[in-house]
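The values are calculated or read from the model by the stated rules, or taken from the named source; none is laboratory data. Just so you know, these numbers come straight off a predicted model, no measurement behind them. Here the Cβ positions follow ideal geometry from the backbone for every residue, glycine too, while neighbour counts run over all protein chains shown. Surface accessibility is based on the protein's heavy atoms, side chains included, excluding ligands, DNA and RNA. Shrake-Rupley method; radii C 1.70, N 1.55, O 1.52, S 1.80 Å.
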Amino acid sequence: RGRGEAMSMSRCSLRARLAPCLSGQVRAAHTGQVPAVRKDNSAIRPFSEIPGQWKNSVANLYKLWRMDGLRNIHRIMLHNFNMYGPIYREKVGSYESVNIIKPEDAAVLFKAEGHYPKRLRVEAWTSYRDYRNRKYGVLLKDGEDWKSNRIVLNKEVISPKVQGNFVPLLDEVGQDFVARVYKKIERTGQNEWTTDLSHELFKFALESVSHVLYGKRLGLLLDYIDPDAQHFIDCITLMFKTTSPMLYLPPALLRHTGAKVWKDHVEAWDGIFNQADRCIQSIYRQLSKNPDTGEKYPGVLASLLMLDKLSIEDIKASITELMAGGVDTTSISLLWTLYELARHPDLQEEIRAEISAARIASKGDVVQMLKMVPLIKGALKETLRLHPVAVSLQRYITEDIVLQNYHIPAGTLVQLGLYAMGRDHRIFPHPEQYRPSRWVRSQSHYFRNLSFGFGPRQCLGRRIAETEMQLFLIHMLENFRFEKQRQVEVRSTFELILLPEKPIMLTIKPLNTSR
(Lines give C-alpha, C1' and ligand atoms only; values in the text may rest on other atoms or scores of the structure.)
Protein backbone atom coordinates (compact mmCIF):
# COMPACT_ATOMS: atom_id res chain seq x y z
CA ARG A 1 0.00 0.00 0.00
CA GLY A 2 3.09 0.55 -0.46
CA ARG A 3 2.56 -1.28 0.99
CA GLY A 4 4.57 -3.63 3.34
CA GLU A 5 8.04 -3.02 1.88
CA ALA A 6 7.46 0.64 1.10
CA MET A 7 5.57 1.24 4.30
CA SER A 8 8.23 -0.36 6.45
CA MET A 9 11.02 1.49 4.69
CA SER A 10 9.38 4.87 5.04
CA ARG A 11 8.44 4.34 8.67
CA CYS A 12 11.98 3.17 9.40
CA SER A 13 13.68 5.90 7.47
CA LEU A 14 13.23 8.71 9.97
CA ARG A 15 13.81 6.48 12.96
CA ALA A 16 17.02 5.33 11.32
CA ARG A 17 18.26 8.83 10.65
CA LEU A 18 17.51 10.40 13.99
CA ALA A 19 17.95 7.70 16.58
CA PRO A 20 21.16 8.28 18.46
CA CYS A 21 20.30 5.38 20.71
CA LEU A 22 19.81 2.72 18.07
CA SER A 23 21.34 -0.39 19.53
CA GLY A 24 23.93 -2.44 17.76
CA GLN A 25 26.53 -1.61 15.21
CA VAL A 26 25.55 -0.98 11.62
CA ARG A 27 28.66 -2.65 10.35
CA ALA A 28 29.64 -6.20 11.14
CA ALA A 29 32.97 -7.86 10.57
CA HIS A 30 34.03 -8.67 7.01
CA THR A 31 32.75 -12.03 5.85
CA GLY A 32 34.68 -12.26 2.62
CA GLN A 33 37.48 -10.79 0.60
CA VAL A 34 36.90 -8.31 -2.20
CA PRO A 35 39.65 -8.19 -4.83
CA ALA A 36 41.83 -5.08 -4.64
CA VAL A 37 41.68 -4.56 -8.39
CA ARG A 38 38.61 -4.79 -10.65
CA LYS A 39 38.59 -6.59 -14.00
CA ASP A 40 38.97 -3.24 -15.76
CA ASN A 41 42.23 -2.68 -13.77
CA SER A 42 40.83 0.23 -11.73
CA ALA A 43 41.80 0.00 -8.06
CA ILE A 44 38.91 -0.51 -5.65
CA ARG A 45 38.78 2.32 -3.16
CA PRO A 46 38.36 1.70 0.58
CA PHE A 47 35.15 2.26 2.55
CA SER A 48 36.80 5.16 4.38
CA GLU A 49 37.07 7.16 1.15
CA ILE A 50 33.34 7.24 0.34
CA PRO A 51 32.31 10.91 0.27
CA GLY A 52 29.69 12.24 2.65
CA GLN A 53 28.98 13.52 6.13
CA TRP A 54 30.00 10.72 8.45
CA LYS A 55 32.86 12.04 10.56
CA ASN A 56 30.87 14.13 13.08
CA SER A 57 27.64 12.28 13.76
CA VAL A 58 26.48 14.49 16.68
CA ALA A 59 26.94 17.68 14.65
CA ASN A 60 25.06 16.06 11.76
CA LEU A 61 22.17 15.22 14.08
CA TYR A 62 22.01 18.81 15.34
CA LYS A 63 22.21 20.16 11.80
CA LEU A 64 19.35 17.93 10.68
CA TRP A 65 17.15 19.27 13.47
CA ARG A 66 18.09 22.89 12.67
CA MET A 67 17.20 22.42 8.97
CA ASP A 68 13.76 20.99 9.85
CA GLY A 69 15.20 17.77 8.48
CA LEU A 70 12.34 15.72 9.90
CA ARG A 71 9.94 16.91 7.20
CA ASN A 72 12.54 17.30 4.46
CA ILE A 73 14.50 14.04 4.51
CA HIS A 74 13.60 13.30 0.87
CA ARG A 75 14.83 16.70 -0.32
CA ILE A 76 17.99 16.47 1.82
CA MET A 77 18.81 13.11 0.21
CA LEU A 78 18.27 14.62 -3.25
CA HIS A 79 20.57 17.53 -2.32
CA ASN A 80 23.25 15.13 -1.04
CA PHE A 81 23.24 13.07 -4.25
CA ASN A 82 23.61 16.29 -6.25
CA MET A 83 26.52 17.33 -4.02
CA TYR A 84 28.40 14.02 -3.57
CA GLY A 85 27.42 12.04 -6.67
CA PRO A 86 25.78 8.59 -7.00
CA ILE A 87 27.07 7.25 -3.66
CA TYR A 88 27.57 8.89 -0.29
CA ARG A 89 28.00 7.82 3.30
CA GLU A 90 26.32 9.46 6.27
CA LYS A 91 26.24 9.12 10.01
CA VAL A 92 23.56 10.78 12.12
CA GLY A 93 23.82 9.97 15.82
CA SER A 94 24.89 6.31 15.91
CA TYR A 95 23.01 5.51 12.71
CA GLU A 96 25.23 4.97 9.69
CA SER A 97 24.40 4.11 6.08
CA VAL A 98 25.71 4.14 2.54
CA ASN A 99 23.22 5.76 0.16
CA ILE A 100 22.96 4.88 -3.55
CA ILE A 101 20.79 6.10 -6.45
CA LYS A 102 21.69 4.16 -9.63
CA PRO A 103 19.55 1.21 -10.85
CA GLU A 104 22.66 -0.88 -11.61
CA ASP A 105 23.82 -0.40 -8.00
CA ALA A 106 20.35 -1.44 -6.79
CA ALA A 107 20.84 -4.70 -8.71
CA VAL A 108 24.14 -5.34 -6.85
CA LEU A 109 22.51 -4.43 -3.51
CA PHE A 110 19.59 -6.85 -3.86
CA LYS A 111 21.91 -9.69 -4.92
CA ALA A 112 23.73 -9.23 -1.59
CA GLU A 113 20.62 -9.24 0.65
CA GLY A 114 21.04 -12.93 1.53
CA HIS A 115 18.47 -15.68 2.16
CA TYR A 116 16.79 -13.70 4.95
CA PRO A 117 16.72 -10.05 3.78
CA LYS A 118 16.90 -7.70 6.75
CA ARG A 119 15.87 -4.09 7.11
CA LEU A 120 15.32 -1.66 9.95
CA ARG A 121 12.28 -2.39 12.07
CA VAL A 122 9.55 -0.01 13.20
CA GLU A 123 10.59 -0.03 16.87
CA ALA A 124 7.31 1.39 18.17
CA TRP A 125 5.45 -1.53 16.58
CA THR A 126 7.81 -4.23 17.91
CA SER A 127 7.79 -2.61 21.38
CA TYR A 128 4.00 -2.85 21.54
CA ARG A 129 4.09 -6.53 20.56
CA ASP A 130 6.79 -7.27 23.14
CA TYR A 131 4.79 -5.38 25.79
CA ARG A 132 1.56 -7.29 25.03
CA ASN A 133 3.39 -10.56 24.29
CA ARG A 134 1.95 -10.67 20.79
CA LYS A 135 3.56 -12.35 17.81
CA TYR A 136 5.32 -10.40 15.07
CA GLY A 137 3.86 -10.66 11.57
CA VAL A 138 6.01 -10.99 8.44
CA LEU A 139 6.56 -7.23 8.25
CA LEU A 140 8.48 -7.39 11.54
CA LYS A 141 9.83 -10.96 11.59
CA ASP A 142 13.35 -11.93 10.51
CA GLY A 143 15.25 -15.13 9.73
CA GLU A 144 13.79 -18.60 9.20
CA ASP A 145 10.57 -17.69 11.05
CA TRP A 146 10.00 -14.87 8.53
CA LYS A 147 10.76 -17.12 5.56
CA SER A 148 8.47 -20.01 6.55
CA ASN A 149 5.54 -17.62 7.17
CA ARG A 150 6.22 -15.61 4.04
CA ILE A 151 6.20 -18.69 1.75
CA VAL A 152 2.67 -19.60 2.93
CA LEU A 153 1.41 -16.00 2.69
CA ASN A 154 2.90 -15.46 -0.80
CA LYS A 155 0.66 -18.17 -2.27
CA GLU A 156 -2.46 -16.61 -0.74
CA VAL A 157 -1.71 -12.91 -1.17
CA ILE A 158 0.91 -12.05 -3.80
CA SER A 159 0.90 -14.89 -6.35
CA PRO A 160 -0.45 -13.62 -9.73
CA LYS A 161 -3.03 -16.43 -9.60
CA VAL A 162 -4.85 -14.88 -6.62
CA GLN A 163 -5.74 -11.56 -8.29
CA GLY A 164 -8.97 -13.08 -9.56
CA ASN A 165 -10.04 -13.69 -5.94
CA PHE A 166 -9.66 -10.01 -5.04
CA VAL A 167 -11.23 -8.41 -8.15
CA PRO A 168 -14.96 -8.95 -7.31
CA LEU A 169 -14.47 -7.70 -3.74
CA LEU A 170 -12.52 -4.58 -4.77
CA ASP A 171 -14.75 -3.89 -7.77
CA GLU A 172 -17.77 -3.76 -5.47
CA VAL A 173 -16.13 -1.19 -3.19
CA GLY A 174 -15.04 0.88 -6.21
CA GLN A 175 -18.62 1.00 -7.54
CA ASP A 176 -19.94 2.01 -4.12
CA PHE A 177 -17.40 4.84 -3.94
CA VAL A 178 -18.63 6.17 -7.31
CA ALA A 179 -22.22 6.12 -5.97
CA ARG A 180 -21.07 8.04 -2.89
CA VAL A 181 -19.39 10.73 -5.02
CA TYR A 182 -22.56 11.14 -7.12
CA LYS A 183 -24.53 11.71 -3.88
CA LYS A 184 -22.00 14.30 -2.71
CA ILE A 185 -22.25 16.13 -6.05
CA GLU A 186 -26.06 16.05 -5.94
CA ARG A 187 -26.11 17.58 -2.46
CA THR A 188 -24.06 20.59 -3.59
CA GLY A 189 -26.78 21.53 -6.08
CA GLN A 190 -24.05 22.81 -8.43
CA ASN A 191 -23.33 19.66 -10.46
CA GLU A 192 -19.78 19.61 -9.11
CA TRP A 193 -18.01 18.93 -5.81
CA THR A 194 -14.86 20.75 -4.74
CA THR A 195 -13.15 18.98 -1.85
CA ASP A 196 -10.01 17.58 -0.24
CA LEU A 197 -10.59 13.87 -0.89
CA SER A 198 -7.99 12.60 1.60
CA HIS A 199 -10.48 11.54 4.31
CA GLU A 200 -12.84 9.90 1.80
CA LEU A 201 -9.94 8.03 0.19
CA PHE A 202 -8.74 6.84 3.63
CA LYS A 203 -12.20 5.31 4.23
CA PHE A 204 -12.23 3.81 0.73
CA ALA A 205 -8.80 2.20 1.24
CA LEU A 206 -9.73 0.80 4.66
CA GLU A 207 -13.05 -0.54 3.33
CA SER A 208 -11.21 -2.17 0.40
CA VAL A 209 -8.41 -3.84 2.36
CA SER A 210 -10.84 -5.03 5.06
CA HIS A 211 -13.11 -6.59 2.43
CA VAL A 212 -10.18 -8.53 0.93
CA LEU A 213 -8.56 -9.55 4.23
CA TYR A 214 -11.62 -10.21 6.39
CA GLY A 215 -14.16 -10.95 3.64
CA LYS A 216 -16.59 -8.46 5.16
CA ARG A 217 -17.60 -4.84 4.64
CA LEU A 218 -17.15 -2.31 7.43
CA GLY A 219 -19.72 0.09 5.96
CA LEU A 220 -17.33 3.07 5.84
CA LEU A 221 -18.86 4.45 2.62
CA LEU A 222 -22.29 4.89 4.21
CA ASP A 223 -23.48 8.18 5.68
CA TYR A 224 -23.91 6.49 9.06
CA ILE A 225 -20.83 4.62 10.24
CA ASP A 226 -21.20 1.89 12.87
CA PRO A 227 -19.55 2.99 16.18
CA ASP A 228 -17.27 -0.10 16.19
CA ALA A 229 -16.11 0.69 12.65
CA GLN A 230 -15.56 4.36 13.61
CA HIS A 231 -13.50 3.24 16.62
CA PHE A 232 -11.42 1.08 14.28
CA ILE A 233 -10.74 4.13 12.05
CA ASP A 234 -9.83 6.22 15.11
CA CYS A 235 -7.43 3.50 16.33
CA ILE A 236 -5.62 3.30 12.98
CA THR A 237 -5.32 7.10 12.83
CA LEU A 238 -4.01 7.23 16.41
CA MET A 239 -1.57 4.36 15.78
CA PHE A 240 0.07 6.25 12.89
CA LYS A 241 0.02 9.55 14.77
CA THR A 242 1.78 8.04 17.79
CA THR A 243 4.30 6.06 15.71
CA SER A 244 5.80 9.30 14.40
CA PRO A 245 7.24 10.69 17.70
CA MET A 246 8.69 7.29 18.57
CA LEU A 247 10.77 7.22 15.41
CA TYR A 248 13.36 9.32 17.22
CA LEU A 249 12.48 8.79 20.89
CA PRO A 250 13.08 5.23 22.12
CA PRO A 251 9.75 3.53 22.94
CA ALA A 252 11.32 1.77 25.95
CA LEU A 253 12.15 5.14 27.53
CA LEU A 254 8.66 6.50 26.84
CA ARG A 255 7.10 3.37 28.32
CA HIS A 256 9.14 3.61 31.54
CA THR A 257 8.33 7.30 31.96
CA GLY A 258 4.61 6.64 31.40
CA ALA A 259 4.50 9.05 28.45
CA LYS A 260 1.06 9.76 26.97
CA VAL A 261 2.29 8.98 23.44
CA TRP A 262 3.20 5.44 24.51
CA LYS A 263 -0.12 4.89 26.32
CA ASP A 264 -2.03 6.15 23.27
CA HIS A 265 0.02 3.89 21.00
CA VAL A 266 -0.82 0.83 23.12
CA GLU A 267 -4.49 1.80 23.22
CA ALA A 268 -4.52 2.19 19.42
CA TRP A 269 -2.93 -1.21 18.71
CA ASP A 270 -5.21 -2.84 21.32
CA GLY A 271 -8.21 -1.56 19.37
CA ILE A 272 -6.78 -2.78 16.06
CA PHE A 273 -6.02 -6.27 17.41
CA ASN A 274 -9.45 -6.43 19.12
CA GLN A 275 -11.04 -5.84 15.70
CA ALA A 276 -8.92 -8.69 14.28
CA ASP A 277 -10.02 -10.92 17.19
CA ARG A 278 -13.69 -10.14 16.49
CA CYS A 279 -13.23 -10.93 12.79
CA ILE A 280 -11.47 -14.23 13.52
CA GLN A 281 -14.21 -15.29 15.98
CA SER A 282 -16.90 -14.35 13.47
CA ILE A 283 -15.19 -16.30 10.67
CA TYR A 284 -14.65 -19.30 12.96
CA ARG A 285 -18.36 -19.34 13.82
CA GLN A 286 -19.24 -19.14 10.13
CA LEU A 287 -16.84 -21.95 9.16
CA SER A 288 -18.03 -24.24 11.97
CA LYS A 289 -21.68 -23.77 10.88
CA ASN A 290 -20.96 -23.99 7.17
CA PRO A 291 -17.45 -25.21 6.21
CA ASP A 292 -18.32 -24.87 2.50
CA THR A 293 -17.79 -21.23 1.52
CA GLY A 294 -19.27 -21.89 -1.94
CA GLU A 295 -17.93 -20.07 -4.97
CA LYS A 296 -17.48 -16.70 -3.27
CA TYR A 297 -13.95 -15.99 -2.05
CA PRO A 298 -14.19 -15.72 1.76
CA GLY A 299 -11.23 -13.35 2.25
CA VAL A 300 -7.55 -13.93 3.03
CA LEU A 301 -8.10 -14.55 6.76
CA ALA A 302 -10.69 -17.33 6.25
CA SER A 303 -8.60 -18.81 3.44
CA LEU A 304 -5.52 -19.01 5.72
CA LEU A 305 -7.56 -20.50 8.59
CA MET A 306 -8.90 -23.24 6.29
CA LEU A 307 -5.43 -23.88 4.86
CA ASP A 308 -4.22 -24.57 8.43
CA LYS A 309 -0.50 -24.10 7.72
CA LEU A 310 0.11 -21.21 10.15
CA SER A 311 -0.89 -20.79 13.77
CA ILE A 312 -3.87 -18.53 14.49
CA GLU A 313 -1.57 -16.04 16.23
CA ASP A 314 0.79 -15.92 13.23
CA ILE A 315 -2.15 -15.39 10.86
CA LYS A 316 -3.62 -12.65 13.05
CA ALA A 317 -0.26 -10.87 13.34
CA SER A 318 0.39 -10.76 9.59
CA ILE A 319 -3.20 -9.91 8.59
CA THR A 320 -3.20 -7.02 11.08
CA GLU A 321 0.08 -5.68 9.66
CA LEU A 322 -1.23 -6.00 6.10
CA MET A 323 -4.29 -4.02 7.07
CA ALA A 324 -2.37 -1.34 8.97
CA GLY A 325 0.18 -0.95 6.18
CA GLY A 326 -2.41 -0.83 3.43
CA VAL A 327 -4.54 2.19 4.18
CA ASP A 328 -2.77 5.56 4.03
CA THR A 329 -0.16 4.19 1.60
CA THR A 330 -2.88 3.45 -0.97
CA SER A 331 -5.12 6.43 -0.26
CA ILE A 332 -2.26 8.95 -0.57
CA SER A 333 -1.04 7.35 -3.81
CA LEU A 334 -4.56 7.67 -5.28
CA LEU A 335 -4.78 11.29 -4.13
CA TRP A 336 -1.46 12.13 -5.85
CA THR A 337 -2.67 10.33 -9.01
CA LEU A 338 -5.91 12.34 -9.15
CA TYR A 339 -3.88 15.52 -8.54
CA GLU A 340 -1.57 14.73 -11.47
CA LEU A 341 -4.47 13.77 -13.75
CA ALA A 342 -6.27 17.01 -12.85
CA ARG A 343 -3.13 18.86 -14.00
CA HIS A 344 -3.23 16.98 -17.32
CA PRO A 345 -6.79 17.00 -18.77
CA ASP A 346 -5.62 15.63 -22.15
CA LEU A 347 -4.08 12.63 -20.39
CA GLN A 348 -7.39 12.08 -18.55
CA GLU A 349 -9.16 11.85 -21.92
CA GLU A 350 -6.51 9.48 -23.29
CA ILE A 351 -6.94 7.14 -20.32
CA ARG A 352 -10.75 7.32 -20.61
CA ALA A 353 -10.49 6.19 -24.23
CA GLU A 354 -8.29 3.26 -23.12
CA ILE A 355 -10.81 2.28 -20.41
CA SER A 356 -13.73 2.48 -22.83
CA ALA A 357 -11.96 0.27 -25.38
CA ALA A 358 -10.96 -2.23 -22.67
CA ARG A 359 -14.52 -2.35 -21.29
CA ILE A 360 -15.89 -3.25 -24.75
CA ALA A 361 -13.12 -5.73 -25.63
CA SER A 362 -13.30 -7.58 -22.28
CA LYS A 363 -17.11 -8.02 -22.54
CA GLY A 364 -17.60 -7.36 -18.86
CA ASP A 365 -14.79 -9.64 -17.62
CA VAL A 366 -13.03 -7.32 -15.17
CA VAL A 367 -9.98 -9.58 -14.74
CA GLN A 368 -9.46 -9.48 -18.51
CA MET A 369 -10.08 -5.75 -18.57
CA LEU A 370 -7.21 -5.17 -16.13
CA LYS A 371 -4.87 -6.72 -18.72
CA MET A 372 -5.89 -4.10 -21.29
CA VAL A 373 -5.17 -0.83 -19.45
CA PRO A 374 -1.39 -0.18 -19.75
CA LEU A 375 -1.83 3.60 -19.41
CA ILE A 376 -3.60 3.23 -16.05
CA LYS A 377 -0.78 1.00 -14.82
CA GLY A 378 1.72 3.51 -16.24
CA ALA A 379 -0.05 6.37 -14.44
CA LEU A 380 0.26 4.59 -11.08
CA LYS A 381 3.95 3.83 -11.69
CA GLU A 382 4.50 7.45 -12.68
CA THR A 383 2.76 8.65 -9.49
CA LEU A 384 4.97 6.39 -7.38
CA ARG A 385 8.08 7.63 -9.25
CA LEU A 386 7.33 11.29 -8.43
CA HIS A 387 5.55 10.73 -5.11
CA PRO A 388 6.85 7.44 -3.65
CA VAL A 389 5.35 6.29 -0.37
CA ALA A 390 8.84 5.55 0.95
CA VAL A 391 11.86 7.83 0.69
CA SER A 392 14.22 4.85 0.41
CA LEU A 393 14.54 1.07 0.38
CA GLN A 394 17.05 -0.37 2.84
CA ARG A 395 18.97 -3.60 3.26
CA TYR A 396 21.76 -4.85 5.51
CA ILE A 397 24.12 -6.58 3.08
CA THR A 398 25.27 -10.09 3.96
CA GLU A 399 28.51 -10.08 1.95
CA ASP A 400 31.21 -7.65 0.88
CA ILE A 401 30.32 -5.85 -2.35
CA VAL A 402 31.64 -3.10 -4.62
CA LEU A 403 29.46 -0.10 -5.41
CA GLN A 404 30.71 2.78 -7.59
CA ASN A 405 34.21 1.31 -7.23
CA TYR A 406 34.08 1.50 -3.41
CA HIS A 407 34.42 -1.53 -1.15
CA ILE A 408 31.32 -1.94 1.07
CA PRO A 409 31.82 -4.43 3.92
CA ALA A 410 29.22 -7.04 4.93
CA GLY A 411 26.80 -5.83 7.59
CA THR A 412 26.60 -2.29 6.20
CA LEU A 413 23.18 -0.70 5.92
CA VAL A 414 22.69 0.41 2.29
CA GLN A 415 19.84 2.70 1.27
CA LEU A 416 18.50 3.13 -2.25
CA GLY A 417 17.07 6.66 -2.57
CA LEU A 418 13.69 6.12 -4.27
CA TYR A 419 12.58 9.76 -4.22
CA ALA A 420 15.95 10.96 -5.48
CA MET A 421 16.14 8.28 -8.19
CA GLY A 422 12.67 9.19 -9.47
CA ARG A 423 13.76 12.80 -9.98
CA ASP A 424 17.16 12.17 -11.59
CA HIS A 425 17.31 13.20 -15.27
CA ARG A 426 20.06 10.64 -15.96
CA ILE A 427 17.70 7.85 -14.97
CA PHE A 428 14.36 9.33 -16.09
CA PRO A 429 14.50 11.84 -18.98
CA HIS A 430 12.47 15.00 -18.16
CA PRO A 431 11.80 13.74 -14.62
CA GLU A 432 9.66 16.77 -13.69
CA GLN A 433 7.06 15.77 -16.31
CA TYR A 434 4.23 13.38 -15.44
CA ARG A 435 4.36 10.98 -18.39
CA PRO A 436 2.72 7.54 -17.87
CA SER A 437 3.68 6.63 -21.44
CA ARG A 438 7.32 6.26 -20.34
CA TRP A 439 6.27 2.99 -18.64
CA VAL A 440 4.30 1.72 -21.65
CA ARG A 441 7.08 1.99 -24.20
CA SER A 442 9.47 -0.93 -24.54
CA GLN A 443 12.49 0.87 -23.08
CA SER A 444 14.29 -0.86 -20.21
CA HIS A 445 12.82 -0.43 -16.75
CA TYR A 446 15.70 -2.35 -15.16
CA PHE A 447 15.58 -1.72 -11.38
CA ARG A 448 13.63 1.51 -11.90
CA ASN A 449 10.15 0.42 -10.79
CA LEU A 450 10.88 -0.30 -7.12
CA SER A 451 8.02 1.46 -5.32
CA PHE A 452 6.80 -1.87 -3.89
CA GLY A 453 10.32 -3.05 -3.09
CA PHE A 454 12.07 -6.01 -4.67
CA GLY A 455 12.72 -9.69 -4.16
CA PRO A 456 11.50 -11.98 -1.38
CA ARG A 457 10.95 -9.02 0.98
CA GLN A 458 8.92 -6.90 -1.46
CA CYS A 459 5.56 -5.54 -0.31
CA LEU A 460 3.31 -8.48 0.61
CA GLY A 461 0.18 -6.42 -0.09
CA ARG A 462 1.38 -5.45 -3.55
CA ARG A 463 -1.21 -7.45 -5.51
CA ILE A 464 -4.07 -6.11 -3.40
CA ALA A 465 -2.83 -2.51 -3.69
CA GLU A 466 -2.26 -2.60 -7.45
CA THR A 467 -5.66 -4.18 -8.16
CA GLU A 468 -7.45 -1.80 -5.78
CA MET A 469 -5.86 1.32 -7.31
CA GLN A 470 -6.36 0.22 -10.93
CA LEU A 471 -10.07 -0.54 -10.36
CA PHE A 472 -10.55 2.75 -8.49
CA LEU A 473 -9.14 4.76 -11.41
CA ILE A 474 -11.23 2.80 -13.94
CA HIS A 475 -14.47 3.53 -12.06
CA MET A 476 -13.68 7.16 -11.25
CA LEU A 477 -12.48 8.12 -14.74
CA GLU A 478 -15.47 6.40 -16.38
CA ASN A 479 -17.76 8.62 -14.35
CA PHE A 480 -16.03 11.89 -13.46
CA ARG A 481 -13.72 14.62 -14.71
CA PHE A 482 -11.14 16.00 -12.27
CA GLU A 483 -9.97 19.62 -12.22
CA LYS A 484 -7.71 21.66 -9.94
CA GLN A 485 -7.10 25.35 -9.34
CA ARG A 486 -4.50 26.73 -11.72
CA GLN A 487 -1.16 27.85 -10.34
CA VAL A 488 -1.61 25.73 -7.22
CA GLU A 489 1.34 23.34 -6.95
CA VAL A 490 1.65 20.95 -4.00
CA ARG A 491 4.95 19.65 -2.62
CA SER A 492 5.45 16.68 -0.32
CA THR A 493 6.40 16.51 3.34
CA PHE A 494 7.74 13.52 5.29
CA GLU A 495 5.53 12.20 8.12
CA LEU A 496 6.17 8.45 8.30
CA ILE A 497 5.36 8.41 4.59
CA LEU A 498 5.50 11.21 2.00
CA LEU A 499 2.31 13.28 2.23
CA PRO A 500 1.04 16.40 0.44
CA GLU A 501 2.37 19.50 2.24
CA LYS A 502 -1.08 21.12 2.10
CA PRO A 503 -4.60 19.92 1.24
CA ILE A 504 -5.12 18.97 -2.41
CA MET A 505 -8.38 20.59 -3.48
CA LEU A 506 -10.00 18.93 -6.50
CA THR A 507 -13.22 19.74 -8.36
CA ILE A 508 -15.13 16.62 -9.43
CA LYS A 509 -17.66 16.91 -12.26
CA PRO A 510 -19.87 14.12 -13.64
CA LEU A 511 -19.11 13.21 -17.25
CA ASN A 512 -22.77 12.48 -17.94
CA THR A 513 -24.60 15.62 -16.78
CA SER A 514 -28.01 14.00 -17.25
CA ARG A 515 -27.35 11.46 -14.50
| said: Between residue 104 and residue 55, what's the calculated FRET efficiency when r is the beta-carbon distance and R0 is 22 Å? Round to 0.05. | reply: 0.20
| request: For residue 407, enumerate residues with amide H under 5 Å from its amide H, sequence gap 5+ or separate chain, H modeled in the peptide plane. | output: 45, 47
| Applying the Karplus parametrisation 6.51 cos²θ - 1.76 cosθ + 1.60 with θ = phi - 60° to the phi angles of region 396-403, what ³J(HN,Hα) value in whole Hz is obtained for each residue in order, glycine and proline being reported as x? | 7, 7, 9, 8, 5, 9, 10, 10
| remark: Counting only residues 5 or more apart in sequence or on a different chain, those whose built amide H sits under 5 Å from that of residue 481 are 509, 511
| query | Stretch residue 372-residue 488 to full length: gain in nm at 0.36 nm per residue minus the Cα-Cα span? | reply | 38.4 nm
| said: Based on alpha-carbon atoms only, what is the radius of gyration of the chain relative to the globular estimate 2.2 N^0.38 Å? | reply: 0.98
| With point charges of +1 on the Cβ of Lys and Arg and -1 on the Cβ of Asp and Glu, referenced to the Cα centre of region 57-510, which listed residue (351, 297, 100) lies farthest in the positive direction of the dipole? | 100
| For region 273-335, the Rg and Dmax computed from alpha carbons only, in angstrom | 13.5, 42
| note | The answer for the chain, accessible area per residue at 1.4 Å probe in Å², is 42 Å²
| field | Charge dipole magnitude, Cβ of K and R +1, D and E -1 - region 243-294, Cα centre, debye nearest 20 | value | 80 debye
| query | Residue-wise, which Karplus ³J(HN,Hα) couplings in Hz belong to region 277-289, taking 6.51 cos²θ - 1.76 cosθ + 1.60, θ = phi - 60°, and x for glycine or proline? | reply | 4, 4, 5, 5, 4, 5, 5, 4, 4, 4, 5, 6, 6
| message | Residue by residue through region 327-336, what is 3J(HN,Hα) from phi via Karplus (6.51 cos²θ - 1.76 cosθ + 1.60, θ = phi - 60°)? Round to whole Hz and write x for glycine and proline. | response | 10, 5, 4, 6, 5, 5, 5, 5, 4, 4
| said: Let me make sure I get this right: for region 300-458, a, b and c are the square roots of the gyration tensor eigenvalues over alpha carbons, sorted descending. Under 1.5 in a/c it's rounded, otherwise prolate if a/b > b/c, else oblate. Which is it? | reply: oblate
| Range of Cα positions in region 216-340 per principal axis (Å), largest first | 50, 42, 28
| query | With all protein chains present, how much of the accessible area of the chain (probe radius 1.4 Å) comes from carbon and sulfur, to the nearest whole percent? | reply | 51 percent
| For the chain, what is the charge dipole size about the Cα centre, in debye to the nearest 20, if Lys and Arg each add +1 at the Cβ and Asp and Glu each add -1 at the Cβ? | 820 debye
| Which of the chymotrypsin sites (Phe, Trp or Tyr not before Pro) across region 182-265 are loop residues per DSSP, with 16 or fewer other Cβ within 10 Å? | 224
| request: Against the globular-protein guess of 2.2 N^0.38 Å, express the Cα radius of gyration of region 288-372 as a ratio, rounded to two decimals. | output: 1.62
| query | For residue 316, which lysines qualify as cross-link partners when the Cα separation must be under 26 Å and same-chain residues fewer than eight apart are set aside? | reply | 118, 135, 141, 147, 155, 161, 203, 216, 241, 263, 289, 296
